[in-house]
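Comments concern the structure below.
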Amino acid sequence: MARYIRKDRWYQKAKKEGYLSRAAYKLLELNQRYPLFKPGQKVLDLGCWPGGWSQVALQQVGQKMEKAGKVVGIDLAPLQNFSHPRWEFLQRDLYDASLTQEILDRFGEFDLVLCDAAPKLTGISVTDAQMALELTQKVIEITQKVLRAEGDFVLKFFSFNELVPLIKALENRFEKANRIKLEASRGGSSEQYFIGKSLKKAKMP
Ligand SMILES: C[S@@+](CC[C@H](N)C(=O)[O-])C[C@H]1O[C@@H](n2cnc3c(N)ncnc32)[C@H](O)[C@@H]1O
């Protein structure tokens with residue numbers, strides 16, 4: 001699969017600074033506004049290809065071995081050009097029914113779940129809204145099982161009306177919740193980010 005080819009200023013900056021995607025700057029911006037990382041954390045990166053968010057997470061969870069964290073990335077697409085001693089990659093579909101149990105069996109619960117996954121949008125609003133809704137529901141379902149109590153969650157979502165009740169319900173599951181649109185998102189994009197801090201102990205919707 002080809003790397004992103006849009007050559008805007010974020011693309012050029014990522015290339016110069018060694019990030020695998022322009023999306024890395026979205027996570028850096030989110031982390032600046034709502035500090036997300038601590039050394040030693042275990043982070044799950046859902047929809048991680050081509051790897052920009054995983055790179056940022058690895059930098060942020062600590063380089064020193066005694067405090068070194070771990071990052072696990074999952075995507076449909078293969079990710080062959082990146083490796084790191086504290087990073088593991090699973091090439092999987094988030095809709096795979098056995099995925100959640102596999103994650104728990106292999107890694108246990110996570111301190112932070114990141115999700116930048118996006119369906120392939122068609123431009124047909126009703127179809128795109130349905131795909132975005134289903135993917136968001138699936139990601140929330142996985143997260144509610146693998147995120148530890150008091151853990152944090154970052155979720156990309158698209159501004160379709162169909163998603164409003166889901167995101168509202170999600171807000172109630174965290175001690176603090178915010179939604180933002182980022183500077184590094186492409187102009188005209190309807191993507192937003194949900195940031196949930198400190199998962200309440202009861203289950204998510
Ligand atoms: C915008 S990209 C993620 C960019 C990434 N955060 C980065 O920094 O490089 C969205 C990713 O979501 C993945 N994705 C979408 N649906 C998926 C699914 N059902 N299972 C696994 N990955 C999925 C796509 O394959 C795509 O690579």
- Query: P(r) for the stretch 153-200: what percent of alpha-carbon pairs falls in each 5 Å bin, starting at zero?
  - Reply: 5, 22, 31, 22, 13, 6, 1
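Hey, got a sec? Which trypsin sites (Lys or Arg not before Pro) in the stretch 32-127 land in a DSSP loop and have at most 15 other Cβ atoms within 10 Å? Mind showing how you got there, number by number?
Numbers: sites: Arg33, Lys42, Lys64, Lys67, Lys70, Arg86, Arg92, Arg106, Lys120; in loops: Lys64, Arg86, Arg92, Lys120.
Counting only loop positions with at most 15 other Cβ atoms within 10 Å, the trypsin sites (Lys or Arg not before Pro) in the stretch 32-127 are Lys64, Arg92, Lys120.
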- Message: Quick check on the chain: of the DSSP beta bridges with both residues there, what percent are antiparallel, nearest 5%?
- Response: 40 percent
- Hand me the trypsin sites (Lys or Arg not before Pro) from the stretch 146-200 located in a DSSP loop with no more than 12 other Cβ atoms within 10 Å, in residue order please. Lys181, Arg186
- Message: Please list log₁₀ I(q)/I(0) at q = 0.14, 0.29, 0.33 Å⁻¹ for the stretch 125-174, using the Debye equation with identical point scatterers on the alpha-carbon positions.
- Response: -0.35, -1.22, -1.41
- Task: Mind listing the long-range amide H neighbours of Leu147? Cut-off is under 5 Å, sequence gap 5 or more, other chains count too, H placed in the peptide plane at 1.01 Å from N.
- Result: Phe110
- Task: Can you pull the one-decimal nm distance between simple spin-label points at Gln91 and Lys13, each 7 Å off the Cα toward Cβ?
- Result: 3.2 nm
- Message: Counting only protein heavy atoms and a 1.4 Å probe, tell me what percentage of the stretch 51-157's accessible area is made up of carbon and sulfur.
- Response: 49 percent
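Divide by every residue of the chain the summed helix terms, -39500 (n - 2.57) for each DSSP H run of at least 4, and state the resulting mean residue ellipticity at 222 nm, rounded to the nearest 500 deg cm²/dmol.
-10000 deg cm²/dmol
With 29 Å as the limit, write out which pairs from Lys138/Lys181; Lys7/Lys42; Lys15/Lys145; Lys16/Lys168; Lys13/Lys201; Lys7/Lys181 have Cα-Cα distances beyond it, or answer none. Can you show the working numbers first?
On the way: Lys138/Lys181 22 Å; Lys7/Lys42 33 Å; Lys15/Lys145 36 Å; Lys16/Lys168 39 Å; Lys13/Lys201 40 Å; Lys7/Lys181 21 Å.
Correct reply: Lys7/Lys42; Lys15/Lys145; Lys16/Lys168; Lys13/Lys201.
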- Karplus-derived 3J(HN,Hα) from phi for the stretch 35-43 (6.51 cos²θ - 1.76 cosθ + 1.60, θ = phi - 60°), whole Hz, x at Gly and Pro, runs x, 10, 9, 9, x, x, 5, 9, 10
- Which of rounded, prolate, oblate describes the chain, given a ≥ b ≥ c as roots of the alpha-carbon gyration tensor eigenvalues and a/c under 1.5 marking rounded, otherwise prolate only if a/b is larger than b/c? rounded
- For the chain, report the accessible area per residue in Å² (1.4 Å probe, heavy atoms, rounded to an integer). 50 Å²
- Message: Could you identify which residue out of Val164, Val61, Val154 has the top mean-square fluctuation in a GNM of the chain using Cα springs shorter than 10 Å?
- Response: Val164
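The values are calculated or read from the model by the stated rules, or taken from the named source; none is laboratory data. It should be emphasised that the depicted structure is a prediction, and the values quoted were computed from it without experimental measurement. Glycine also receives a Cβ, built like all others from the backbone with ideal geometry; neighbour counts cover every protein chain displayed. Note: areas computed on protein heavy atoms with side chains; ligands, DNA, RNA excluded. Shrake-Rupley method; radii C 1.70, N 1.55, O 1.52, S 1.80 Å.
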